[in-house]
Amino acid sequence: MKSNGVPNLVFARLGRVIVYTMLFGIAVALSACGSDVGSESRAPEQSAHGTGPDLSKSKTGFEKIFEYIPDIAETRETVYVLDIARLAQELGISAPSGEATTAEVIEYQKQIIVQSSRSVGIFPVHENSWLSGFNSYVGEFEETTYDSLGFDARNVEQIAMFGIREPMFREVILGTYSPSATLESLDSCSDCLPHDVLEYAGVNYYAWGDDFASSTKLRFAPPGYDFLGRGGRIFIDDGLVARTLSHEHMHQIIDAVRDVAPSLADDPDYALAISLLAERETVDARITSAQHTPDSAIELMEEAWANGFRREITADELRQQLEATHLLLPFKVAAVGTAFPTSESTLPQTYVVLVHEDERDAQENADRLRSRIELDEYLFPFGTEADEPDMSAQSWSDHLLDYEITVQGRALILRASAEKFGNTLEHSLLRASFFPFGIHALVLTE
């Protein structure tokens, strides 16, 4: 394996985030059966945007990309959006041109990854963000993707990832994408494995192999086989690319792009949460309609303990501790994002947005959340060999240098700065936002 030059410490952090997400992510199982589709001779040159939402209507990358995320069970459980274009702008890093070499593109990726981690505690890498190139295999397959697919990390602006458990993972990316450029690249690629061009609802997309098929022999094979040797399905439209591992999942995305099925942007609760984060110029967003009670949090911890995490307290002790805290009223949507330091602050700002049924519930939860932060303690219920020995009986306020809770209509907004750099609120408590002692523990409901 070629060395990618990114510090080992950075990728060691990635491993832990992946473990947390895999252990505690909430996913809804879909049928693995593929849809009946037929081969088609035409290539995906037509634009689906003609019948869909206009990109120019949206103010930010977050608002744009949510127009193309289907409103389905998996997306309501977990969506992560990362604004690479804003990260690059804030960090003063220019995206490579179309004439840039592969080495220059890889260096650009490394700079984004390392500097964003150091500046705001955001690690813009995910194992399954395959088409974006922002994954832990930087340098492993870029030499093939630009020549064979016509795009790579230089084209990326915003990334959305959802369906967190394998093999349900999907990604939608906005950027400088062109169906004709991809068609030309594939036609001229002599090393690429053969593909099918399939039609769904008048829109064409590329496919390699059966649904969820993988082979270690095809690992990193051109044009876009991933680290498990999966070709998947790829849809290219003007300014957009999407990848799934099944036809059914690709059809869901195409329906959202064509605006013939609801997207998350069509839901007023999601639209409100995302717009509030966008107003605060966050560079990422984790958003969910799932929420946890003490019972469901304990169920997740039982799963963690069963998977080898060291048990620090019993389930009964954890239940007693959770039930003794200031629990919140149920809410409709929770979103978390981090912004670069403002002119008034030298620390990154983490924002938590809770959207409620009405303003009265938002006001009540503002009072409860203040009490939860100031008065409640929590017990860290598991450990690893890398953990510091004393991880118990900590106050939420111990992690914060400052915080502010406001109510805007039916939305509660928490702004917080961490007590020290490298331990941002999002990273230390909310980064894996579907982890019981992430956002769901902070905003645990009754």
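The length gained on full extension between V260 and C189, counted as 0.36 nm times the residue separation minus their Cα-Cα distance, comes to 22.1 nm. Report the calculated FRET efficiency for E303 and D238 (r = Cβ-Cβ distance, R0 = 30 Å), to the nearest 0.05. FRET efficiency, E303 to D238: 0.10. Exposure proxy ranking for I65, I405, based on other Cβ atoms within 10 angstrom of each Cβ and starting from the fewest, stands as I405, I65. Were the residues from A290 through E374 laid out at 0.36 nm apart, the gain over their Cα-Cα distance would be 27.8 nm.
Quick note: the coordinates plus some simple rules give every number you see, no bench work behind them. Please read all numbers here as calculations on a predicted model, not as lab measurements. Cβ: placed from backbone, ideal geometry, glycine included. Neighbour counts: every protein chain shown.
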